[in-house]
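Rule-based calculations on the coordinates, nothing more; no lab input. Here the structure is a predicted model, which is why all the values come from computation and not from measurement. Neighbour counts run over all protein chains shown; Cβ positions are idealised from the backbone, glycine included.
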Amino acid sequence: MARYAYVNGRYVDHRLAKVHVEDRGYQLADGVYEVVGVRDGKLIDETPHLDRLDRSLKELRIAAPVSRKTLTFVIRELMRRNRLRDGLIYMQVTRGVARRDHAFPTIPVKPALVLTTKNTKPVGIDVGPGIAIKSQRDIRWERCDIKTVALLPNVLAKQAARESGAYEAWLVDSAGCVTEGASTNAWIVTRDGELVTRQTDNGILAGITRGTLKSIADTLQLKLVERPFSLTEAKQAREAFITSATSFVTPVVKIDGEPVGDGKPGPTARRLREEYVRFADTGEAVA
Ligand code: PDD
């Protein structure tokens, strides 16, 4: 079966899908993206993801390439053509194709829209063995709240993690605090049982999974505090975990080679994973 990509109004064979060499996304990373999970044929948290896409576009003054109605139609049509039941939808919007110049094009340019899909195995309730983290200096810019395709610092941090045998990098700011992961949000459970994740501001991406997990934690009456936490505090935490559209809730069992807690996935991460999977299945946070 051919796999399709959507490129500027056309559904094309994924292997042949192309954008122009003068696309500003390619030339200047002048664009934004979104990744939405699909479970059993349904999108997880579609509205907040599309709202975040709109926000990213607005912050960079890129016009929406199509209406929300059209975009939701294109998503479904691509899912249908690719028989996507479980996996991910990737959407990317760039400022468009123009003669190379750092400044915005002075003549009207249509923003470019690309969508692709990826099949994955459905994420299970079982958290597995947990993952290892490697800390890396956060060398990103001051607008990490925008989901831009300019991901070089994230790419380098992730690669350094992988080369050290870790799965994800945690980015550490100049104050020694963990901002977030290279492509995930970071959480800890302190020794006092407080659930902690960094507050959302320009320093991190406001993860959609993070947002949903906040309401799940609230329903479960967990004590959630949004504040910065240091790498040292993370290493001494009872539990740690990451969240994202791709990883749901995944326990962290090692940071820079040191075990977190007893070095095994903890009960809070297990419970939150269970509830998040339930949410992904039913659309309801906590039955
Ligand atoms: N990454 N922080 C960063 C820097 C991210 O890139 C992501 C998402 C998250 C989690 O956001 P969400 O819960 O909305 O997925 C946090 C996506 C999955 C990616 O780049 O593939």
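Overview of values
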{"quantity": "Residue with peak Gaussian network fluctuation, the chain [Cα springs, cutoff 10 Å], from Leu272, Leu152, Leu84", "calculated": "Leu152"}
{"quantity": "Gyration tensor (alpha-carbon) shape descriptor, the range 41-88, a/c threshold 1.5", "calculated": "prolate"}
{"quantity": "Percent antiparallel among DSSP beta bridges (both partners in the range 131-282, rounded to 5)", "calculated": "65"}
{"quantity": "For the range 71-200: rounded, prolate or oblate by the Cα gyration tensor [a/c cutoff 1.5]", "calculated": "oblate"}
{"quantity": "Using a Förster distance of 45 Å, the FRET efficiency for Phe104-Asp262 (Cβ separation, nearest 0.05)", "calculated": "0.25"}
{"quantity": "For the chain, built as a Gaussian network whose Cα springs stay under 10 Å, the top-fluctuating residue of Thr200, Thr219, Thr179", "calculated": "Thr219"}
{"quantity": "Choice from Val36, Val172, Val12 with maximal GNM fluctuation in the chain (Cα, 10 Å cutoff)", "calculated": "Val12"}
{"quantity": "The chain, dipole about Cα centre (Lys/Arg Cβ +1, Asp/Glu Cβ -1), debye to the nearest 20", "calculated": "1040"}
{"quantity": "Inter-site label distance for His14 and Thr120 at 7 Å from Cα along Cβ, in nm", "calculated": "1.4"}
{"quantity": "Average Cα contact separation per residue, the range 4-119, under 8 Å, 6 or more apart, as relative contact order %", "calculated": "38"}
{"quantity": "The chain: calculated mean residue ellipticity at 222 nm from DSSP helix runs of at least 4, using -39500 (n - 2.57)", "calculated": "-8500 deg cm²/dmol"}
{"quantity": "Reachable lysines from Lys254, criterion Cα separation under 26 angstrom, eight or more residues apart if same chain", "calculated": "Lys121, Lys134, Lys158, Lys214, Lys223, Lys235, Lys264"}
{"quantity": "Whether the range 1-147 is rounded, prolate or oblate, judged on the alpha carbon gyration tensor where a/c under 1.5 counts as rounded", "calculated": "oblate"}
{"quantity": "Gain in span if fully extended, Val66 to Thr282, counting 0.36 nm per residue against the direct Cα distance", "calculated": "74.9 nm"}
{"quantity": "Convex hull (Cα only) mean projected area of the chain, reported in nm² to one decimal", "calculated": "15.2"}
{"quantity": "Lys pairs under 21 Å by Cα in the range 4-119, provided they are eight or more residues apart or on distinct chains", "calculated": "7"}
{"quantity": "Paramagnetic reach from Ala175 (point 7 Å along Cα→Cβ, amide N under 15 Å) across the range 222-255", "calculated": "226-234"}
{"quantity": "Alpha-carbon centroids, the range 93-109 and the range 110-125: separation in whole Å", "calculated": "26"}
{"quantity": "Neighbour-limited loop hits for chymotrypsin sites (Phe, Trp or Tyr not before Pro), the range 171-278 (at most 10 other Cβ within 10 Å; DSSP other than H, G, I, E, B)", "calculated": "none"}
{"quantity": "Folded to 0 to 90 degrees: helix 267-282 orientation relative to the chain principal axis, Cα", "calculated": "30"}
